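Comments concern the structure below.
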Amino acid sequence: MMVRGLVFCFLIHFNFLIFSQEESTKIKENLIEEVIRLKTDDYFSLDSLFYANRRNKFTEEDYYKLYERSLKKKYITGQLFAANSLGSFFRKKSDNKKSIKYHKEALKLSKVIKNLDVELLSLNMIGVAYRRQGDVRNALNYHQTALTMARRIKKPSISNKKSISISENSIGNIYLALRQYDLALQQFEKSIQIQKELQDKRGLAINYQNIGFAQENLLLLDEALENYKKALKFDEEIDSKVGKIICENSIASVHIKKRNYEKALDIMESVLPEAIDYSNKYYLARTYNNLGCAQLKVEKYKEAEETLKEGLKISSGFENKKNEIRSLYLLSELYENTEDLQKSHNFYKQASQLEKKTLDEKNISYVSNLISKHNMQSKRNEIDYLESQSKIESLLFLKNRNILIITLITIALLSIALYSIYRQKLINNDKTVLLLEQQALQTQMNPHFLFNALNSIKLYIINNDQKQAVYYLNKFSKLIRNILDVSKVKEVSLKEEIATMGLYMSIENIRFSNEIKYSVDVDPDLNTDTIKVPPLILQPFIENAIWHGLSSKEENKEIILSASKVSENIVEVTIADNGIGRSAAAKIKEGKSLKRKSVGIELTKERLKTFSDDYEEEFELVYHDLKNEDNTPAGTKVSIKIPLS
């Protein structure tokens, strides 16, 4: 970007030295080639560059060349700048139809590259061209659209502020055309405040000129003359040829109204050569009209007739209704003064008919209502209210309403569908939990366990050991009752779970003649009443410890159940046995002819996983192989980490 900036600066300063026609043509060619080669995306740097080289007088052909070459190289910013430049070029030549065509092309391209600043500029330029054509409605719509878009920007740039000022000024000019001078002054005051902030001399010159014109039509002639002189001062500072032509015309117009006809005539005679040289038909026609009016007032009828007819010819040639109407009225006055009443009547009739056609009450009412609605409604609804009287806007409103209704219905249906899916997921989850609980219950209550337990108690009865029989029968019934009770709930306290495991261990230990030493070690700081776990979650691990770890051991059999809090959100339960170890147990199992796959542990893992879904932490299950000092198996320890929250 720095290299590009240096190149652009070099081109700008170098081209100030170019004056000859041949060198100017060469420099313009080089400039266009360099611009396309660099392909800068900064529209306004292009504008500054070409403005700095304005002494080389870029022509219609130069801008066409830039447009075609940019199109070939797919350089959209170059096309965009060339299109807007052509629009401005044709507007200065008073060919407003072509001006509108190229500005609309620029508007389309600005939307393609999503350049809001240039989009606003193009909208305003289209509005100006329509206004010069006398098409009040289209002019207002484009300016109002630009104004609405610019005001929606929360942090406007200098370019955005300029667009707002241009829109305000242009809307004021439309009010001038509609003879709504008080409203026009309000618009110009809004515009001039921005121009003062930006210290834009050209903008200030335009606004002071417009304010003077409104005051002149309100017959505030001294105030108008003062503002015209302010505008002329700014135009002289920036060396604006067209600005000076406009201001001199306006000052002469005030002198005519103040009956200073000779002074007005002197001013217009000096301005005419400049207007002819500038070759803008709009301002040239106005100059002829003011000069003819001054000549008429000093009774130079022959010169006035020639001058006014020349002004009429220029105005009607490019459809400048405003100047054409004034030429007709002045010619009517001329022939009335020279007592050619028929011609006077004919010109007056033409003027009034054209004026009625160009500006009727319908136009005034339309614009007044449009602006009133714009000021009353919120900024986001301004464009909609501008089109509120048209059939198209009504159809668009209905379309948008239907889209909104469909969208709301779709959102509602989607919400219902998502809720149904979520609810079904919860139901399925509950079913899964229930199924796991039932399967776990079936595992704990398997016939093999019941048969063995009852058979062991039966031996006490056969041996007439009624005391032991009653003791273990009570424990057995209590265990069965606990199992049935917990089958109805999703979770129990750790205290209840440990108590149930004690009952289970008592029943299973009967078969081992109570050789297994079972002990419980709970951290005294652990509140087992408040800690929740899935019911019967520890049973499969104790069962494994008994039947795989201790059943094949001769003596000194022991199981230790421990519980402690390892962190704020985790409690660890361990079941350690001093059995033969997992490797030896696996070999014994392998040697058995009947191999049965245990599902108890797998079900327990699924239940722990489901239980953990409601907590931030996850469960963890780890097996530890215990070793003696000589590295021989010393048993197995199962560590189960259960989340608390």
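Remarks
- Extreme residue, nearest to SER551 (Cα to Cα), among residues of segment 454-472 that are buried (at least 16 other Cβ atoms within 10 Å of the Cβ) and aliphatic (A, V, I, L, M): ILE457
- Residue in segment 473-492 that is surrounded by the fewest Cβ atoms within 10 Å (Cβ to Cβ), counting only those that are within 60 Å of the chain's Cα centre (by Cα) and free of Cβ contacts under 8 Å to residues at least 40 places away in the same chain: LYS488
- Residue count, segment 468-527 (criterion: in contact with a strand residue (DSSP E or B) (Cβ under 6 Å, 6 or more places away or on another chain) and not aliphatic (A, V, I, L, M)): 9
- When LEU308, LEU272 are screened for being buried (at least 22 other Cβ atoms within 10 Å of the Cβ) and either at pLDDT below 90 or of a type outside the set (Val, Ile, Thr) (or both), only LEU308 passes.
- Segment 126-148 - residue that is aliphatic (A, V, I, L, M) and modelled with pLDDT of 85 or more and, of those, surrounded by the fewest Cβ atoms within 10 Å (Cβ to Cβ): VAL128
- The set of residues in segment 513-526 being in contact (Cβ under 8 Å) with a residue 40 or more places away in the chain, of a type outside the set (A, V, I, L, M) and in a loop (DSSP other than H, G, I, E, B) consists of GLU515, ASP523, ASP525.
- Counting the residues of segment 503-552 that are within 15 Å of SER562 (Cα to Cα) and either touching a Lys or Arg at 6+ places or on another chain (Cβ under 9 Å) or of a type in the set (S, T, N, Q) (or both) gives 11.
- Qualifying residue in segment 249-261 (condition: under 49 Å from the mean Cα position of the chain (by Cα), closer than 14 Å to ASN169 by Cβ and surrounded by 14 or more Cβ atoms within 10 Å (Cβ to Cβ)): no
- Scanning segment 298-334 for residues that are closer than 22 Å to LYS356 by Cα, in a helix (DSSP H, G or I) and of a type in the set (Phe, Trp, Tyr) yields a single hit, TYR329.
- Test: residue in segment 405-428 that is at pLDDT below 65 and either surrounded by 10 or more Cβ atoms within 10 Å (Cβ to Cβ) or not in a helix (DSSP H, G or I) (or both): no
- Test: residue in segment 15-29 that is in contact with a helix residue (DSSP H, G or I) (Cβ under 8 Å, 6 or more places away or on another chain), under 20 Å from ASN84 (Cβ atoms), at pLDDT 75 or above and outside any helix (DSSP H, G or I): no
- A single entry from ASP182, ASP222, ASP277 fulfils the requirement of being acidic (Asp, Glu), surrounded by fewer than 19 Cβ atoms within 10 Å (Cβ to Cβ), more than 45 Å from the chain's Cα centre (by Cα) and more than 24 Å from ALA52 (Cα to Cα): ASP222.
- Subset of segment 42-68 that is outside any helix (DSSP H, G or I) and surrounded by 15 or more Cβ atoms within 10 Å (Cβ to Cβ) - its residue that is modelled with the lowest pLDDT: ASN53
- Any hit, segment 607-621, residues being free of Cβ contacts under 8 Å to residues at least 24 places away in the same chain and closer than 20 Å to VAL486 by Cβ: yes
- So GLU558, is it buried (at least 16 other Cβ atoms within 10 Å of the Cβ) and acidic (Asp, Glu): yes
- Count of segment 195-219 residues, restricted to those that are of a type in the set (A, V, I, L, M, F, W, C), part of a helix (DSSP H, G or I) and surrounded by fewer than 21 Cβ atoms within 10 Å (Cβ to Cβ), is 1.
Every residue, every condition in (1) outside any strand (DSSP E or B); (2) under 56 Å from the mean Cα position of the chain (by Cα); (3) on the phi > 0 side of the Ramachandran plot; (4) not polar (S, T, N, Q), yes or no:
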| position | (1), (2), (3), (4) |
| --- | --- |
| ARG511 | yes, no, no, yes |
| PRO535 | yes, yes, no, yes |
| PRO540 | yes, no, no, yes |
| GLU558 | no, no, no, yes |
| ILE575 | no, no, no, yes |
| ILE580 | yes, no, no, yes |
| ALA584 | yes, no, no, yes |
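- A count restricted to segment 69-105 and to residues that are closer than 19 Å to LYS281 by Cβ, surrounded by fewer than 23 Cβ atoms within 10 Å (Cβ to Cβ) and under 32 Å from the mean Cα position of the chain (by Cα) stands at 1.
- A single entry from LYS114, LYS154 fulfils the requirement of being farther than 28 Å from ALA82 by Cα and either surrounded by fewer than 19 Cβ atoms within 10 Å (Cβ to Cβ) or under 34 Å from the mean Cα position of the chain (by Cα) (or both): LYS154.
- Here GLU497 meets each of (1) more than 28 Å from ASN569 (Cα to Cα); (2) assigned to a helix (DSSP H, G or I) with one exception, condition (1).
- Residue count for segment 225-248, restricted to those that are hydroxyl-bearing (Ser, Thr, Tyr), over 18 Å from GLU189 (Cα atoms) and buried (at least 22 other Cβ atoms within 10 Å of the Cβ): 0.
- Test result for ASP529, of a type outside the set (A, V, I, L, M, F, W, C), under 27 Å from GLU618 (Cβ atoms), in a loop (DSSP other than H, G, I, E, B) and in contact (Cβ under 8 Å) with a residue 40 or more places away in the chain: no
- Among the residues of segment 234-257, those that are of a type outside the set (A, V, I, L, M), in contact (Cβ under 8 Å) with a residue 12 or more places away in the chain and either outside any helix (DSSP H, G or I) or over 12 Å from VAL271 (Cα atoms) (or both) comprise PHE234, ASP235, GLU237, SER240, SER253, HIS255, LYS257.
- Contact annotation: residue pairs with Cβ atoms under 6 Å, 6 or more positions apart or on different chains, pairing a residue in segment 335-352 that is closer than 20 Å to ASN323 by Cα with a partner that is charged (D, E, K, R), are TYR335/LYS343; SER344/GLU336.
The values are calculated or read from the model by the stated rules, or taken from the named source; none is laboratory data. Remember, it's a predicted structure, so these values are computed and weren't measured experimentally. Cβ coordinates were reconstructed from backbone atoms using ideal geometry, including for glycine residues, and neighbour counts include every protein chain displayed.
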